[in-house]
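One structure below.
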Amino acid sequence: MTDPIPSQPETADAVITASDLNLTFQTNDGPVHALKDVNLTINKGDFVSFIGPSGCGKTTFLRVVADLEQPTGGQVTVNGVSPEEARKARAYGYVFQAAGLLPWRTIGGNIRVPLEIMGYSKAEQADRVRRVLELVHLDQFEKKFPWQLSGGMQQRASIARALSFDADILLMDEPFGALDEIVRDHLNEQLLELWGTTGKTIGFVTHSIPEAVYLSTKIVVMSPRPGRITDVIESTLPRERPLEIRDTPEFIEIAHRVREGLREGHA
Amino acid sequence: MMWIALALIVWAAAFALNVFLVRNKAPGVGYLVPVIFGLTLLFVWEGFVRGFGISPVLLPPPSAIGAALVSKTHILWEDLVQTFFKGALSGYIIGCGSAFVIALLIDRSPFLQRGLLPVGNFIAALPIVGLAPIMVMWFGFDWQSKAAVVVAMVFFPMLVNTVQGLQATEAMQRDLMRTYAASYWQTLVNLRLPAAMPFIFNGLKIATTLALIGAIVAEFFGSPIKGMGFRISTEVGKLALDMVWAEITVAALLGSAFYGTVALFEKRMTFWHPSQRH
C-alpha cells in the first residue's frame with residue numbers, strides 16, 4: 001500500500017477542490033466504492049489527466065465535479081461553490097466518450113444547442129459557431145450533418161460545442177478513446193494548442209499513459225476497488241510540446257513513474 | 001369462350017411487352033411495368049368473369065365497378081366526406097392528439113405510467129363491435145359516435161409508441177442537457193421530442209388504417225343515410241355488389257393516400273434517422 005496522499009493546501013487560484021470525497025454506489029451485488037477519500041486540488045490553467053484501469057473512479061470523479069453524480073461523503077467545490085451551483089452557472093463544458101451529436105441538426109446546429117438553451121442572440125450564436133468551428137478546424141463543415149462526418153471530426157465538433165459558451169473549465173471523459181492512433185495524435189496536438197490559446201482549466205480522463213504524459217501539467221494516477229488516488233505527478237515538461245517531446249528522456253521518465261504508480265495500485 | 005381466350009392472349013402479350021420493356025431499359029420502365037401489370041390483371045378479371053359467366057353477386061366485372069364509380073360519384077363523395085373527413089379524420093386527430101398529451105404526462109410521472117398504460121391497453125382490447133353500439137347510444141347516430149370509436153381505436157397504439165419514443169434518448173445525451181442546465185421543456189423540445197419522432201410516426205401510421213376501419217365498421221351499428229359503412233351494409237342487402245366494390249375501391253385508395261401522406265411527412269421530419277437515409 002502507498003502512503004495516503006496528504007490533502008493539498010488550497011491556493012488562491014484553486015478552481016476545483018475535493019476533500020475526503022467518497023462515493024459508494026448501492027448495487028444488487030452490494031456496495032461499490034467508486035471513490036474513497038479522494039483529496040485533490042486543480043488550479044486555474046492546469047491540464048490535469050486522470051489515469052487508471054476501469055473501475056478506478058476517474059470518470060466518476062469527473063461526473064461528481066460536473067454534478068452528474070452525487071457524492072456520499074466529503075466536499076467538492078468548483079469555482080468556490082458547489083458542483084450544482086457551478087453547473088447552473090454553466091461553469092464548465094463537458095466532452096463525453098462519444099460525440100453524441102444530435103443527428104437531426106447540422107454541425108453548426110449542434111453547436112447552437114447550448115447557445116440557444118443559454119439564450120444567446122441569433123447574431124451572437126452565429127458568431128460563436130463560426131469561431132469555435134475555426135478553433136477545431138471544421139469551418140468547412142458547418143452545414144453538414146453529423147452522420148456525414150468521420151468519428152474524429154464528430155468528436156472535434158463535440159469539443160467545439162463544449163467550447164462554444166466560453167466556460168473556463170473543460171471536462172473531458174476519454175474523448176479520444178474510440179479513435180485510432182493517428183487521429184488521436186493529431187487531436188492531442190490540437191487540444192494542446194487550444195489549451196494554450198484559451199488558458200482553460202482542463203480535466204481529462206484517459207486510459208493511455210503517453211496521452212496523459214503528453215498533455216498534462218498534472219497526472220493523477222488512480223486505482224480501483226476502492227477507487228482512490230495513488231499518485232499525483234507534477235509534470236516537468238514545458239508548456240510548449242511538439243509531438244517529438246515524447247522521445248525525450250524526461251518524457252520517458254514521467255511515463256515510467258505513471259506506470260509504476262499504476263502497477264502499485266494493482267498490487 | 002372467346003372472352004377467356006382473349007383474356008389469356010392479352011395476358012401473354014402484356015407479359016411479353018413487360019419483358020421487352022425491362023430488357024431494353026425503356027425510359028420510365030419503373031412506372032410502366034406495374035401499370036401494365038395492373039391493367040392486365042383488370043382485363044383478365046373482366047375476361048374470366050364474362051367468359052365463365054360468373055354471377056355479379058359473387059364477383060362483378062371491373063367494368064361494372066368502374067361504371068358505379070363514375071355514375072355514382074356524388075354518392076361516393078358524400079359517403080367519403082361523412083366517413084373519412086367527419087368520422088375518421090376528426091377521431092384520428094382527437095385520438096392521436098390526446099394520446100400524445102397523455103404520453104407527455106405519463107412520461108413525467110411514474111405514478112401515471114403505472115396507472116394509465118394498463119387503462120389504455122384495456123380500452124384497446126375492447127371489441128369494436130361492442131364499443132360501436134354503445135358509442136352510438138352516447139353520441140348519437142351522426143359522425144360524432146364514429147369519431148368516438150376511432151378515438152378508442154387509435155389512442156393506445158399512439159400512446160405506447162409516444163411513451164416509448166420519449167424514452168429513446170441516450171443517457172449521455174440527457175447528461176449533456178443537464179450540463180447545460182437545460183430546463184425540462186428545453187430538453188423536451190431540443191432532445192426528446194425529435195428523438196421520439198420515428199416512434200411517434202410509427203404510431204401515426206398504424207393509426208391511419210385503424211381510423212378508417214373503425215369509422216367504416218362503426219357505421220354498421222347505426223348511422224344517418226350516408227357514409228361508406230352504411231352504404232356497404234345497405235347495398236349488400238340490395239345485392240348491388242358493384243356499389244359495394246366501388247366503396248371498397250374508394251376505401252382502399254383513401255387508406256393508401258392517408259398512409260402515404262403521413263409517411264411523406266415522416267420522411268421529411270425524420271430524414272436523419274438511419275431508416276430514412278438513402
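The values are calculated or read from the model by the stated rules, or taken from the named source; none is laboratory data. Remember, it's a predicted structure, so these values are computed and weren't measured experimentally. All Cβ positions, even for glycine, are placed from backbone atoms using ideal geometry, and neighbour counts span all protein chains on display. To get the accessible areas, we keep the full protein, side chains included, count just its heavy atoms, and leave off ligands, DNA and RNA. Shrake-Rupley method; radii C 1.70, N 1.55, O 1.52, S 1.80 Å.
Measuring only protein heavy atoms, the 1.4 Å probe finds B:GLU219 accessible over about 10 Å².
For segment A:198-250, relative contact order (Cα pairs under 8 Å, six or more residues apart, normalised by length) works out to 27 percent. When the residues A:LEU101, B:LEU112, B:LEU264 are ordered by accessible surface, computed with a 1.4 Å probe over the protein chains alone, the sequence from largest down reads B:LEU264, B:LEU112, A:LEU101.
With the solvent-accessible surface defined on protein heavy atoms using a 1.4 Å probe, which residues belonging to segment B:135-183 display a reduction of at least 20 Å² in accessible area in the multichain context relative to the isolated chain? The answer is B:MET172, B:GLN173, B:ASP175, B:LEU176, B:MET177, B:ARG178, B:THR179, B:TYR180, B:ALA181 - residues whose exposure falls by at least 20 Å² when every protein chain is included.
Over 18 Å apart at the Cα level, from the set B:LYS72/B:LYS226; A:LYS58/A:LYS88; A:LYS122/A:LYS200; B:LYS146/B:LYS238, are A:LYS58/A:LYS88; A:LYS122/A:LYS200; B:LYS146/B:LYS238.
Residues of segment B:264-278 that bury at least 50 Å² of accessible area once all protein chains are present, compared with their chain alone (1.4 Å probe, heavy atoms only, ligands and nucleic acids left out), are B:PHE271, B:TRP272, B:ARG277.
Within chain B, what whole-number % of the accessible surface is contributed by carbon and sulfur, with the 1.4 Å probe and all protein chains included in the calculation?
Numbers: 10940 of 14580 Å².
Looking at chain B in its full context, I get 75 percent from C and S.
Please report, in debye to the nearest 20, how large the charge dipole of the protein assembly as shown is about its Cα centre when each Lys and Arg carries +1 at its beta carbon and each Asp and Glu carries -1 there.
With only Lys, Arg, Asp and Glu charged at Cβ, the dipole is about 2000 debye.
For chain A, the relative contact order comes to 26 percent (Cα pairs under 8 Å, sequence separation of at least 6).
Given B:VAL101, A:VAL220, B:GLY165, which one lies farthest toward the positive end of the charge dipole of the protein assembly as shown, if we put +1 on the Cβ of every Lys and Arg and -1 on the Cβ of every Asp and Glu? Highest projection toward the positive end goes to B:VAL101. Among beta bridges identified by DSSP and lying wholly in segment A:164-267, the antiparallel ones come to about 55 percent.
How far, in nm, would the chain grow between B:ALA12 and B:ALA257 when pulled straight, counting 0.36 nm per residue and subtracting the alpha carbon separation?
Between B:ALA12 and B:ALA257, full extension yields 85.0 nm more.
Computed with every protein chain present, the accessible area of A:GLU189 is close to 80 Å² [probe 1.4 Å].
With a Förster radius of 56 Å, plug the Cβ-Cβ distance of B:ARG268 and A:GLU250 into 1/(1 + (r/R0)^6) and report the FRET value to the nearest 0.05.
Given R0 = 56 Å and the Cβ-Cβ separation, E is 0.45.
Size of the dipole of segment A:101-166 about the Cα centre, Lys and Arg at +1 and Asp and Glu at -1 on the beta carbon, nothing else charged, in debye to 20? In debye, rounded to 20, segment A:101-166 gives about 160.
Residues in segment B:70-269 average 47 Å² of solvent-accessible surface per residue, probe 1.4 Å, ligands and nucleic acids excluded. Counted over the protein assembly as shown, the DSSP beta bridges are approximately 55% antiparallel.
With the whole protein complex present, A:SER121 retains an accessible surface near 70 Å², based on a 1.4 Å probe.
Think of each Lys and Arg Cβ as +1 and each Asp and Glu Cβ as -1; about the Cα centre, that makes the dipole of chain A roughly 820 debye. Dividing the mean sequence gap of close Cα pairs (under 8 Å, 6+ apart) by how many residues segment A:101-166 holds gives a relative contact order of 50 percent. For the chain pair A and B, buried accessible area totals roughly 2100 Å², probe 1.4 Å, rounded to the nearest 100. Figure note: A:ARG259, B:ARG268, A:ARG63, A:ARG239 ranked by solvent-accessible area, largest first, 1.4 Å probe, ligands and nucleic acids not counted: B:ARG268, A:ARG239, A:ARG259, A:ARG63. Separation of segment A:222-267 and segment B:134-153 by C-alpha centroid, Å? Centre-to-centre distance over Cα atoms comes out at 74 Å. Mean residue ellipticity at 222 nm, helices only, the protein assembly as shown: -18500 deg cm²/dmol; runs of at least 4 DSSP H residues each add -39,500 (n - 2.57), and the sum is divided by the number of residues. The simple Förster model, with R0 at 60 Å and r as the Cβ-Cβ distance, assigns B:PHE111 and B:ALA5 a FRET efficiency of 0.25.
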